[in-house]
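Below is one structure, written out as structure tokens; comments come after it.
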Amino acid sequence: MTLRFTTAGESHGPGLTAVVEGLPAGLTLTPDDIDRDLARRQLGHGRGGRMKIEKDRAEVTAGLRHGRTLGSPVALRVDNRDFANWEERMNPWPVDEPVEEVHLPRPGHADLAGVQKYGFSDVRNVLERASARETAARVACGALAKVYLRALGVEVFSHVIQIGSVHVDESPVRCLDLDASAALVAEIDQARKANESLGGVFEVRAFGLVPGIGSHVSWDGRLDGRLAQAIMSIQAMKGVSIGDGFEVAGRVGSQAHDEIFWSEEQGFFRETNRAGGLEGGMTSGEPLLVRGAMKPLPTLTKPLRSVDIATKDPAQALRERTDSCTVPAAGVVGEAMVAITLAGAYGEKFGGDHIDDALAALDAYRERIGWRR
Ligand SMILES: Cc1cc2nc3c(=O)[nH]c(=O)nc-3n(C[C@H](O)[C@H](O)[C@H](O)COP(=O)(O)O)c2cc1C
């Protein structure tokens, strides 16, 4: 069975709800497995005041008994603490006093197309759901997928590659060392002072994958396509790449691929990973490398020009409380989306109502292909 999930919830409503279907029975889970990732999503230089209000915790309301999955849908709830400040404006039920409408759509947000499409006069009816507060629910679902993947020997991580114009790769050690971090923090501070927001690039890496997850036989079975959809579905993502991505387009063939070797000790292996762990829509057994390119956040403290949708007069866009840069948080969301996609593809290949069935199928497959890692 593949993994399915859905989320519900508005940014300042009572809370977020998620349902995850397709996890096998017998997985051991602790509250910390979920809350740790929820906390990681809230961190990072460049977050706004909202993150001081929210201390996200997931309450599991179905699918779990005494810390073990039952094979039934898992339901999660993450409260919006901020709802206490929005009870009138976001109450699911009618309130006594009229609530002021928002008429100032933000360029780059869902506001204008959303009110046109759904026939609203109040932009809040759109922005509340378009807001990336929703990604807290995705991260909670992703944490469950990670527990499943971990049981199968797969770990998923993320790191920041670029913030604004500063590339981490420019640092001498090509990793998030202190100098590079300081440069990124300075870039964010400078942007914030100038009332600007910033985007950037994150990378998600998955280790411990066996070859042959996903498939070349159908367009919608290709794991590269599924990962691209998963990453692009995250709010503010404008690009996705796998491995060396757009860079390989400009190379000659001999510099674009990963030559194949075999040794008694390792079996098949590669010395490079330009393909980012995917060939023909399937994992190659090398680490998976997926990048997401994020645009600068559309809500600006010095707003862009817009139009009042009621009067049609020129106006400044809405100034909703906002973050200035959320690339590190988006990386955690990227991890969740990659984990959910990989867990789905593993589930399709190894099936199993109980995790032990999946483990037995994985062992048999590793044996058949002589996979030694
Ligand atoms: C983790 C995360 C946090 C975000 N926080 C904000 C924010 O504080 N302010 C904002 O204007 N946009 C924020 N966004 C981006 C918007 O939600 C997004 O640009 C908007 O929904 C329009 O969708 P699109 O950019 O994909 O077209 C955030 C995105 C992510 C992934």
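The values are calculated or read from the model by the stated rules, or taken from the named source; none is laboratory data. Since the structure is predicted, the reported quantities are computational estimates derived from the model, not experimental observations. When we count neighbours, we look across all protein chains shown, and the Cβ atoms used for this are built from the backbone with ideal geometry, even at glycine. These accessible areas exclude ligands, DNA and RNA; they are computed on the full protein's heavy atoms, side chains included. Shrake-Rupley method; radii C 1.70, N 1.55, O 1.52, S 1.80 Å.
Return yes when ALA140 is modelled with pLDDT under 95 and open to solvent by less than 30 Å² (accessible area, probe 1.4 Å) and no when it is not. For ALA140, the condition - modelled with pLDDT under 95 and open to solvent by less than 30 Å² (accessible area, probe 1.4 Å) - is not met.
Do the conditions hold for LYS146, that is, is it open to solvent by 10 Å² or more (accessible area, probe 1.4 Å) and within 22 Å of PHE202 (Cα to Cα)?
Details: open to solvent by 10 Å² or more (accessible area, probe 1.4 Å): yes; within 22 Å of PHE202 (Cα to Cα): yes.
It is true that LYS146 is open to solvent by 10 Å² or more (accessible area, probe 1.4 Å) and within 22 Å of PHE202 (Cα to Cα).
Scanning the range 9-64 for residues that are open to solvent by 30 Å² or more (accessible area, probe 1.4 Å), of a type in the set (Gly, Ala, Ser) and away from the ligand (no atom under 16 Å from the Cβ) yields one hit, ALA62. Residue count for the range 88-131, restricted to those that are under 30 Å from GLY63 (Cβ atoms) and not hydroxyl-bearing (Ser, Thr, Tyr): 7. Look at the range 108-132: where a residue is part of a helix (DSSP H, G or I) and a partner is of a type in the set (Val, Ile, Thr) and within 13 Å of the ligand (Cβ to nearest atom), sitting 6+ places away or on another chain with Cβ atoms under 7 Å, you get ASP111/VAL123; ASP111/VAL126; GLY114/VAL126; VAL115/VAL123; VAL115/VAL126; TYR118/VAL126. If I filter the range 113-132 for residues that are touching a strand residue (DSSP E or B) at 6+ places or on another chain (Cβ under 8 Å) and surrounded by 16 or more Cβ atoms within 10 Å (Cβ to Cβ), do I get at least one hit? No, the range 113-132 has no match at all.
Note on the range 277-308: residues that are within 13 Å of the ligand (Cβ to nearest atom) and among the hydrophobic types (A, V, I, L, M, F, W, C) amount to 5. Every condition in (1) buried (at least 18 other Cβ atoms within 10 Å of the Cβ); (2) within 14 Å of the ligand (Cβ to nearest atom) is met by HIS103 except one, and the failing one is (2).
Take GLY267 and decide whether it is touching a Lys or Arg at 6+ places or on another chain (Cβ under 7 Å) and modelled with pLDDT under 95. Here the answer is yes, as GLY267 does meet what is asked. Among the residues of the range 309-321, just one is open to solvent by 40 Å² or more (accessible area, probe 1.4 Å) and within 10 Å of the ligand (Cβ to nearest atom), namely ARG321. Of all residues in the range 65-83, those that are within 27 Å of GLY352 (Cβ to Cβ), of a type in the set (A, V, I, L, M) and open to solvent by less than 50 Å² (accessible area, probe 1.4 Å) total 3.
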